[in-house]
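Peer 1: Please read through the structure below; I'll follow up with questions.
Each reported figure results from applying straightforward, stated rules to the coordinates on display, with no laboratory input. The shown structure was predicted, so the numbers you read here are calculated from the model rather than taken from an experiment. Don't worry about glycine lacking a Cβ; one is built from the backbone with ideal geometry, like all the others, and counts go over all protein chains shown.
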């Protein structure tokens, strides 16, 4: 991952955005020597958000199982039948 200062981002934003297509790695933008933001390709951002959503769903399911909030396969199928048609 490369790092860029915020000032060059202002001057050459179009070039930096274009480089994201060929190099899918995010660019760390620093301001006053400290990390301020990441610049990444749209597809990369969308993929990360999908992955986060899946992981959050898995975590919710694990918590439900730990808390005993589970149903049998038959009961789950019955509850989901309106969406399975």
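Peer 1: Run the helix sum for the chain: -39,500 (n - 2.57) per DSSP H stretch of 4+ residues, divided by residue count, reported at 222 nm to the nearest 500 deg cm²/dmol.
Peer 2: -20000 deg cm²/dmol
Peer 1: Suppose we keep just the DSSP beta bridges with both residues in the chain; what percent of those would be antiparallel, to 5?
Peer 2: Of all bridge pairs located within the chain, approximately 55 percent are antiparallel.
Peer 1: If you fit an axis through the alpha-carbon atoms of helix 73-84 and take the longest principal axis of the Cα set of the chain, what angle between them do you get, 0 to 90°, nearest 10?
Peer 2: On a 0 to 90 degree scale, this one is about 60.
Peer 1: Compute the long axis of helix 13-22 from its Cα atoms, compare it with the longest principal axis of the Cα atoms of the chain, and write down the angle in degrees, 0 to 90, nearest 10.
Peer 2: The angle comes out at about 50 degrees.
Peer 1: Students often check this: by mean Cβ neighbours within 10 Å, which of 5-12, 54-61, 35-42 ranks highest, and how do the rest follow?
Peer 2: 35-42, 5-12, 54-61
Peer 1: Any idea what angle helix 42-66 forms with the longest principal axis of the chain, computed on alpha-carbon atoms, 0 to 90 degrees, nearest 10?
Peer 2: The angle comes out near 30 degrees.
Peer 1: Can you check what the Kirkwood hydrodynamic radius comes to for the chain, Cα pairs only, in Å to one decimal?
Peer 2: 16.5
Peer 1: Sorted by packing (mean other beta-carbon atoms within 10 Å per residue), highest first, where do 18-28, 63-73 land?
Peer 2: Top of the packing list down: 18-28, 63-73.
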